[in-house]
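*Asks:* Quick one: this structure, given as structure tokens, is what I'll be asking you about.
The values are calculated or read from the model by the stated rules, or taken from the named source; none is laboratory data. Bear in mind that the values here come from a model prediction, so they are computed numbers and not experimental data. Cβ sites come from the backbone with ideal geometry, for glycine too, and all protein chains shown count toward neighbours. Areas reflect the complete protein model, heavy atoms only, side chains present, ligands, DNA and RNA absent. Shrake-Rupley method; radii C 1.70, N 1.55, O 1.52, S 1.80 Å.
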Amino acid sequence: MRRVRLPAVSMLVFLAGCAGLQKDHVQFDSLSDCPKQTAATLAAQQGQLGPLSDHHSLECALTVLRNSQDPEVLRTSLGSRLCLHLAEREVNPEKREKLAAEGVRFAEAALAQGGDDDGAVHYYLAANLGLAVREHITLAAESLGRLENEMKRALALNPDIDYGGPLRLLGALYLKAPAWPNGIGDLDKALELLERAVKEHPGHPLNHLFYAQALWHEGDESRVGQVKEEFALGEKLLAEGLWGYNKVPWKKEFDEFAQEIGAADSSVQ
């Protein structure tokens, strides 16, 4: 089995703190027809804002939070989560970085206002940081410790958020980060966390994809069948599930790994 070619620093590697991040807001068009909302009403209905929401609804909601001084709402992960949903679907790299950086600022503000015990705040802080710095490898490489600490905090406080998101992202970090002495990469830890993710949250496609990647990276020929089984299950969940705007970027990740497996199979024939 060939080992999957994983980048030394991936989108899951983050910058420590806010230094170096974009500071300008992305300006939205057509806000005049936004529904009348307050930060409090958004917080009460936040379960309706997610991957299935259209761009305009998310932009209207984020605009309300930008102008809010409500401490009860601002200490939550809502603003950071809205930024992440918009950033993940943004094709313009500069706008994506600005939205993700804004998500970092929302999360940092939440921590400053007493949100440290909210695992979601730590989780969305880390996820936004990943998008904000993924094109800036030098800055990202300096922050492996920060990322590990944020994800460990999220895992300790709320391991089930986003279908095992802290398990998934921390496991992927250990899988894709450089190993000691250059980084914190650890295949054993990655396998442990990602196996737990697929067992505790078997309905999320990326849990299976990342676990398949970890098994592949292990290089054990006897586990090729398990790699392909996990991959196929994740691909099926992606195709059949209601993942909204996440489907496109996730499908790209599946396709890239499929090419890796296919290339390895061809080389041994």
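*Asks:* Per 10 Å bin, what percent of the C-alpha pairs of the chain does each bin hold, from zero upward?
*Replies:* Values per bin, smallest distances first: 7, 29, 36, 20, 7, 1, 0.
*Asks:* Using the Cα atoms as the points, what is the convex hull volume per residue of the stretch 83-127 in Å³?
*Replies:* 48 Å³
*Asks:* Taking the stretch 150-257, which GluC sites (Glu not before Pro) meet the DSSP loop condition and have no more than 15 other C-beta atoms within 10 Å?
*Replies:* Numbers: sites: 150, 192, 195, 200, 218, 221, 229, 230, 235, 240, 253, 256; in loops: none.
Here no loop site has a sparse enough neighbourhood.
*Asks:* Of 78, 52, 194, which is the most mobile in a GNM of the chain whose springs link Cα atoms less than 10 angstrom apart?
*Replies:* Among 78, 52, 194, the largest mean-square fluctuation in the Gaussian network model of the chain belongs to 52.
*Asks:* Next question, about the same structure. Scan around residue 185 for amide H atoms under 5 Å from its own, H built in the peptide plane at 1.01 Å from N, and keep only partners 5 or more places away or cross-chain.
*Replies:* Amide H to amide H, under 5 Å and 5 or more residues apart or across chains, residue 185 pairs with 179, 180.
*Asks:* Further question: Counting C-alpha atoms alone, how compact is the stretch 80-203: give Rg to one decimal and Dmax as a whole number, in angstrom.
*Replies:* Radius of gyration, then largest Cα-Cα span, for the stretch 80-203: 14.2, 37 Å.
*Asks:* Only loop residues by DSSP count here, and only those with at most 11 other Cβ atoms within 10 Å; note down the GluC sites (Glu not before Pro) in the stretch 52-127 that meet that. Provide the component values of the computation, followed by the final result.
*Replies:* On the way: sites: 59, 72, 88, 90, 94, 97, 102, 108; in loops: 90.
Within the stretch 52-127, no GluC sites (Glu not before Pro) qualify (loop, at most 11 other Cβ atoms within 10 Å).
*Asks:* Further question on the same structure: Which is the longest run of the chain containing none of the trypsin sites (Lys or Arg not before Pro) found in DSSP loop states (not H, G, I, E, B) with at most 10 other C-beta atoms within 10 Å?
*Replies:* 37-269
*Asks:* Considering only 205, 181, 71, give the residue with the highest GNM mean-square fluctuation for the chain, with springs between Cα atoms whenever their separation is below 10 Å.
*Replies:* Of 205, 181, 71, the most mobile in the Gaussian network model is 181.
*Asks:* Continuing with the same structure: Can you tell me which of 91, 224, 104 moves the most in a GNM of the chain? Springs connect C-alpha atoms under 10 Å apart.
*Replies:* Highest fluctuation among the options: 91.
*Asks:* Something else about it: Go from 0 up to the bin containing the longest alpha carbon distance in the stretch 130-260, width 5 Å each, and give me the % of pairs per bin.
*Replies:* Spelled out per bin, shortest first, that is 2, 11, 19, 23, 22, 16, 7, 1, 0.
*Asks:* Using a 1.4 Å probe on the protein chains only, how many percent of the accessible area of the chain belongs to carbon and sulfur? Numbers along the way, then the final one.
*Replies:* Numbers: 6500 of 12760 Å².
Carbon with sulfur: 51 percent of the solvent-accessible area.
*Asks:* Continuing with this model, one more query. Quick check: residue separation of residue 256 and residue 184 times 0.36 nm, minus the Cα distance between them. What number comes out in nm? Display every interim value, and only then the final one.
*Replies:* On the way: separation 72, 0.36 × 72 = 25.92 nm, distance 2.43 nm.
Stretched fully, the residue 256-residue 184 segment lengthens by 23.5 nm.
*Asks:* Continuing with the same structure: For residue 66 and residue 117, calculate 0.36 nm times their separation in residues minus their Cα-Cα distance, and state this gained length in nm to one decimal.
*Replies:* Values: separation 51, 0.36 × 51 = 18.36 nm, distance 2.29 nm.
Length gained, residue 66 through residue 117: 16.1 nm.
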